[in-house]
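Each remark here refers to the structure printed beneath this line.
Nothing in this text is a laboratory measurement; each read-out follows from the coordinates by a stated rule. Computed from a prediction, not measured in an experiment: that's the story for all the values here. Heads up, the Cβs are rebuilt from the backbone with ideal geometry, glycines too, and the neighbour counts pull from every protein chain shown.
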Amino acid sequence: MTREEIVAFFARHQSAYARHDPALLATFYAEDSVIVSPWAGTVEGRQAIEDTYRQWFAAFPDFEFHPEELLIDGDQVAEMLTLAGTDIGGFMGLPPTAKPFRLRSVHLYTLNEHQIVHERRIYDFTGMLVQVGVLKAKPA
């Protein structure tokens, strides 16, 4: 893929996030793709990825995905972004807390044939759990 094609690909990806469309998001991934995430662990295969997006949007129906920068090197892409949402639907099997979170994240992608074949998400999961009230922080 050319740089311009990759930029356009990620613009469409962002649009699918904004629509909260798990089925559409899954189409960006190869059938045997893998996502590694602090929250979901290792997720393998397009259907499992779609299911994970469905669970995420159910927990955070107001979820926002704000890309800030793409770094492109051949078929490798790093995306810096801010994630935000409110625990309205219940998270990790717990009742909803109605508390918001906002955090910085980096997603590292490997592309092949106009699809994502590997994605690694890097963010402060413990900090997120504190923000939504699942964990309590010790006073400093």
Q) In sequence order, what are the phi-derived ³J(HN,Hα) couplings for the stretch 101-112 according to the Karplus relation 6.51 cos²θ - 1.76 cosθ + 1.60 with θ = phi - 60°, rounded to whole Hz, with x for glycine and proline? A) 9, 8, 8, 8, 8, 10, 10, 9, 10, 10, 10, 7
Q) Ranked by Cβ crowding within 10 angstrom, fewest neighbours first, how are V132, V34 ordered? A) V34, V132
Q.
Can you give me the long-range amide H partners of G89? Hydrogens built in the peptide plane at 1.01 Å from N, cutoff under 5 Å, separation of 5 or more residues or another chain.
A. F60
Q | Other-chain or far-sequence residues with amide H under 5 Å of I116's (modelled H) | A | Y29, A30
Q | Electrostatic dipole magnitude of the stretch 1-77 [Cβ: Lys, Arg +1; Asp, Glu -1; Cα centre; debye, to 20] | A | 200
Q) Charges only on Cβ, +1 for Lys and Arg, -1 for Asp and Glu: so what's the dipole of the chain about the Cα centre, in debye to the nearest 20? A) 740
Q) Name the GluC sites (Glu not before Pro) in the stretch 48-140 that are in a loop by DSSP and that have at most 13 other C-beta atoms within 10 Å, would you? A) E113
**Q.** Karplus-derived 3J(HN,Hα), 6.51/-1.76/1.60, for each residue of the stretch 42-53, Hz, glycine and proline x
**A.** 9, 10, 10, x, 4, 5, 5, 5, 4, 4, 5, 4
**Q.** Along principal axes, Cα extents of the stretch 3-131, largest first, whole Å
**A.** 42, 28, 24
Q | Most mobile listed residue (G93, G45, G127) in the chain, GNM with C-alpha springs under 10 Å | A | G93
Q: For the stretch 16-33, just list the computed ³J(HN,Hα) in residue order, Karplus coefficients 6.51, -1.76 and 1.60, θ = phi - 60°, integers in Hz, with x standing in for Gly and Pro.
A: 5, 4, 4, 7, 6, 10, x, 5, 5, 4, 4, 5, 6, 9, 5, 4, 10, 5
Q) So for the stretch 3-131, taking the charge dipole from beta-carbon charges (+1 Lys/Arg, -1 Asp/Glu), which of V34, T52, Q131 sits furthest toward the positive end? A) Q131
